[in-house]
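These notes are about the structure you will find just below.
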Amino acid sequence: MATPGQPNPQQMAAMQQQFAAEAAKRGLSPEEFAKQQREQLNTEAAKHGMTTEQYVTQLRMRAMAAHQKQVEAQQQGQGSPQPGQPAAAEQQQQQQQPKPQQTTQQVPVNPSNPPDPKAIAVAQFLRSQNLKTRTCIMDGQRKDLFKVKRAIRAIESPAYTKAASKKGSLLPPVTDRASAENVFKLLPLSLLALRVSKVDPHAGHNHAKPKNRVKGLWTVKIEQHQETGPMMHYVWLYEGPQWKQKAMAGAVVAGIFAVVLFPLWPMMLRQGVWYLSVGMMGLLGLFFAMSIFRLILFCITFFTVSPGLWLFPNLFEDVGFFDSFKPLWGWQEDKKKKKKSKSTAINAPAAMESKETTPSATTTATPATDTSSAVKRDLTARVEEAGDE
């Protein structure tokens, strides 16, 4: 029987096999490897000013202390009872107590399953509803983001009940909150919508955040656990029928193909295209000529009839096509007067409201004309105060 601190025969055999394997790795026999190790021990012992036996004993003591610390750490990790901690019976009783129910429920997702026709019908219905979606960035692409509570509210709405009651409808019936949540779970089960969370794309980077970041545009990632909490966010992966995109792509290809085959067009069509292009160039030239003429007219009237006359004053304003030519002419407005008129129009309602709500200290009987003039003077004073602030 082995004494305490000495290895048993099985451990000795294992150590010999490991020693032989280390020697084989270095291309040496066990005797040569042992001689090399002995020389290294002698060198290290001489560096520390000790004999070889003393150095080996010190190494053994360090190894035994490290092994003992490791055993104690494992025992503490297994949960040995300590003063101040509940007993094992109390811990077991606490584990057996029922935990409060959580509002979130995990949804198992299987990517290999084909989309459920009922899930597609639910997705089409929700896409037609106002879920107050917002744009987010996922994997470098823009997606629509929505909250679970808005989708559940849409499923519980009368519009869903009316659509589900139609003949041939694939929408599952909804009777209570639980059935509405089960209907919503069809979306992640068929990978039509998945739960995401907000992430910072610049997290862990040393550079500063870019100044041209769009406020409110989240960068999101898909969560591993698909849950249906009311305040959780889901992103749409279902984009609906793609017939519009396909039709537009087909029209673009057909247009390019028709332009390429222009030399093969009939003579009548080619002449029509030529006349159309000449007409467009003429309209463009007429527009430039009109712009130059109105500028010359303004320069002349600016010195003769101040402040100057504009032909089609809204020509370059941000208005519709027909509103650009209304009115036919107009005088140049001073920028200071324009700003003052805008500020007066903005502050006048507030001044009137404050005048009506603030009680007057003294009341005097004045004619109607004087009252209007007093009000005007009061409004002017308030406008000037607001401008000074």
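Restricting the first member to segment 212-228 and to residues that are assigned by TED's automatic domain parsing to the domain that holds residue 194 and loosely packed, with under 10 Cβ neighbours inside 10 Å, and the second to residues that are basic (Lys, Arg) and at pLDDT 90 or above, the beta-carbon pairs closer than 8 Å and six or more apart or on different chains are 216/134.
Number of residues in segment 136-153 that are at positive phi and modelled with pLDDT of 90 or more: the value is 0. Of everything listed in (1) within 15 Å of residue 238 (Cα to Cα); (2) more than 14 Å from the chain's Cα centre (by Cα), the single unmet condition for residue 135 is (2).
Taken over segment 44-67, residues that are assigned to a loop (DSSP other than H, G, I, E, B) and hydrophobic (A, V, I, L, M, F, W, C) amount to 1. With respect to (1) loosely packed, with under 10 Cβ neighbours inside 10 Å; (2) under 30 Å from residue 259 (Cα atoms); (3) not polar (S, T, N, Q), the lone exception for residue 279 is condition (1).
Looking across segment 229-253 at every residue that is within 17 Å of residue 135 (Cβ to Cβ) and either assigned to a loop (DSSP other than H, G, I, E, B) or not assigned by TED's automatic domain parsing to the domain that holds residue 150 (or both), the one that is modelled with the lowest pLDDT is identified as 240. The set of residues from segment 173-184 being assigned to a loop (DSSP other than H, G, I, E, B) and either hydroxyl-bearing (Ser, Thr, Tyr) or buried (at least 19 other Cβ atoms within 10 Å of the Cβ) (or both) comprises 174, 175. Residues being in contact (Cβ under 8 Å) with a residue 40 or more places away in the chain and either more than 17 Å from residue 226 (Cα to Cα) or of a type in the set (A, V, I, L, M, F, W, C) (or both) are entirely absent from segment 173-180. Among the residues of segment 159-172, how many are more than 12 Å from residue 122 (Cβ to Cβ) and not in a helix (DSSP H, G or I)? Qualifying residue count for the region: 4.
Residue 185 meets the conditions (1) farther than 20 Å from residue 223 by Cα; (2) touching a strand residue (DSSP E or B) at 6+ places or on another chain (Cβ under 9 Å) in every case but one. The failed one is (1). Here the condition is being crowded, with 17+ Cβ neighbours inside 10 Å, more than 14 Å from residue 237 (Cα to Cα) and of a type in the set (D, E, K, R); of 147, 118, 143, it holds for 147 alone.
The values are calculated or read from the model by the stated rules, or taken from the named source; none is laboratory data. In this text, all values refer to a predicted model and were calculated from it rather than measured experimentally. As a convention, Cβ positions derive from the backbone with ideal geometry for all residues, glycine included, and neighbour counts pool all protein chains shown.
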